[in-house]
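Written out below as structure tokens is the structure these notes cover.
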Amino acid sequence: MTNVQHTAEPETDPEKVRLEQVAALTDPATIRYLEEIGVREGWTCAEVGAGTGSIARWLSNRVGNFGKVHAIDIEPAYMEGITAPNLEVRRQDITTTPLEEGAYDLVHCKILLMHLPERERVLGEFAKALKPGGYLLVEEADIRSIQRVDPPSPLLTRAAMALETFFYFGGADPGYGMKLLPAFRRTGLKLLGTDCQLTAVQAGTPEMRTISLSMAKLAPVITKVGLMGEKEIEAVFDQLQQPSDTVLYTPVTVSVWGQRIGE
Ligand SMILES: C[S@@+](CC[C@H](N)C(=O)[O-])C[C@H]1O[C@@H](n2cnc3c(N)ncnc32)[C@H](O)[C@@H]1O
């Protein structure tokens, strides 16, 4: 086992906090799928769109001194504190620099492809990057679930719809999670498993922070393009942060994994 160091710094950057919240919410399921795949000592792994590097760190510990982990991100600043002899952090745009073909025992990405207009091509490149017998685990979100609010709140549902609309502007697909399974089948890999995660969160609780932080990140753009007014956005934050019986769902995370067979 490799001992990974993580030098902690004061958590002030809201984007770092947001990415940490996403990881805290979704990593336990990811680790279950990686356990089921059977990640072993000596494997070479690619963690693409690694974010804060929490899963890269887990993989690094698991593959040990004879294994390797490439933690790839277009903006790897949030992995600065993570070091291990078997872990290489790479600044890389996966849409312009594909993974090396036939190089990996495992390729994993989470909440990445939905943001990339080239998602189908990149998914195909991930499949080609596997060694024969190698595994691909892809996990993508469908954010439309956040439109369901109980008791009904037209304001919160409107905010959720504004978020969805905003995703389309940059070529992202807010509903990609639901399209992942057929896309995965088109890669020709042998399908081994699928699962999905959905968490109910109540207004005014710490768990609501992930949704609040995502809303806060996009609020200036949402108001700028006129999807909502500033006063409405303030009312949205009030409803999310004030303790009440209001319940929302997180985005659904759909996970699909499979293996390159033959050759
Ligand atoms: C929503 S975050 C998810 C982070 C992490 N996978 C997780 O689930 O906690 C998406 C990550 O993908 C990275 N990313 C976005 N576009 C990318 C690209 N073209 N190439 C590599 N990384 C990219 C972002 O910088 C960000 O760290």
Inset, instruction - Look through G226, G262 and report the one residue that is touching a strand residue (DSSP E or B) at 6+ places or on another chain (Cβ under 7 Å) and assigned to a loop (DSSP other than H, G, I, E, B). - result: G262
Inset, instruction - Check off (1) buried (at least 20 other Cβ atoms within 10 Å of the Cβ); (2) at pLDDT 95 or above for T194 and give me the number that stays unchecked. - result: (1)
Inset, instruction - Determine whether T157 is farther than 23 Å from T250 by Cβ, surrounded by 15 or more Cβ atoms within 10 Å (Cβ to Cβ) and more than 16 Å from the ligand (Cβ to nearest atom). - result: no
Inset, instruction - Assess whether Y78 counts as being hydroxyl-bearing (S, T, Y), touching a helix residue (DSSP H, G or I) at 6+ places or on another chain (Cβ under 7 Å) and assigned to a strand (DSSP E or B). - result: no
Inset, instruction - Give the number of residues within the stretch 229-256 that are among the β-branched types (V, I, T), in a loop (DSSP other than H, G, I, E, B) and modelled with pLDDT of 95 or more. - result: 1
Inset, instruction - Please find, within the stretch 197-212, the residue that is most open to solvent (accessible area, probe 1.4 Å) out of those that are over 14 Å from A159 (Cβ atoms) and assigned to a helix (DSSP H, G or I). - result: R209
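Please specify each residue of the stretch 94-124 satisfying the condition of being in a helix (DSSP H, G or I), more than 9 Å from the ligand (Cβ to nearest atom) and open to solvent by 40 Å² or more (accessible area, probe 1.4 Å).
E120, R121
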Legend entry - Residue in the stretch 76-92 that is within 12 Å of the ligand (Cβ to nearest atom), in contact (Cβ under 8 Å) with a residue 40 or more places away in the chain and of a type outside the set (V, I, T) present: yes
Inset, instruction - Filter the stretch 125-151 for residues that are out of contact with any Gly (no Cβ under 7 Å at 6 or more places or on another chain), over 24 Å from I37 (Cα atoms) and not in a strand (DSSP E or B) and give the result. - result: I143, S145, I146, Q147, R148, P151
Inset, instruction - Evaluate the stretch 28-49: report whether one residue or more is in a loop (DSSP other than H, G, I, E, B) and within 13 Å of the ligand (Cβ to nearest atom). - result: yes
Legend entry - Filter result for the condition that a residue is farther than 21 Å from G102 by Cβ, out of contact with any Lys or Arg (no Cβ under 9 Å at 6 or more places or on another chain) and open to solvent by 10 Å² or more (accessible area, probe 1.4 Å), over E80, E75: E80
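Looking at the stretch 238-263, which of the residues that are touching a helix residue (DSSP H, G or I) at 6+ places or on another chain (Cβ under 9 Å) and open to solvent by 40 Å² or more (accessible area, probe 1.4 Å) is nearest to D173 (Cα to Cα)? Break it down stepwise before answering.
The initial filter retains those residues of the stretch 238-263 that are touching a helix residue (DSSP H, G or I) at 6+ places or on another chain (Cβ under 9 Å), namely 239-241, 246, 248-260.
Restricting the remaining residues to those that are open to solvent by 40 Å² or more (accessible area, probe 1.4 Å) gives 239, 241, 249, 251, 260.
Numbers: Q239: 27, Q241: 27, Y249: 19, P251: 13, R260: 26 Å.
The selected residue is P251.
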Inset, instruction - Collect the residues in the stretch 59-75 that are over 13 Å from A46 (Cα atoms) and assigned to a loop (DSSP other than H, G, I, E, B), keeping them in residue-number order. - result: G64, N65, F66, I74, E75
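The values are calculated or read from the model by the stated rules, or taken from the named source; none is laboratory data. Here the structure is a predicted model, which means the values were calculated and not measured. Ideal geometry is used to build each Cβ from the backbone, glycine not excepted, and the neighbour counts take in all protein chains shown. Only protein heavy atoms, including side chains, enter the accessible area calculation; ligands, DNA and RNA are left aside. Shrake-Rupley method; radii C 1.70, N 1.55, O 1.52, S 1.80 Å.
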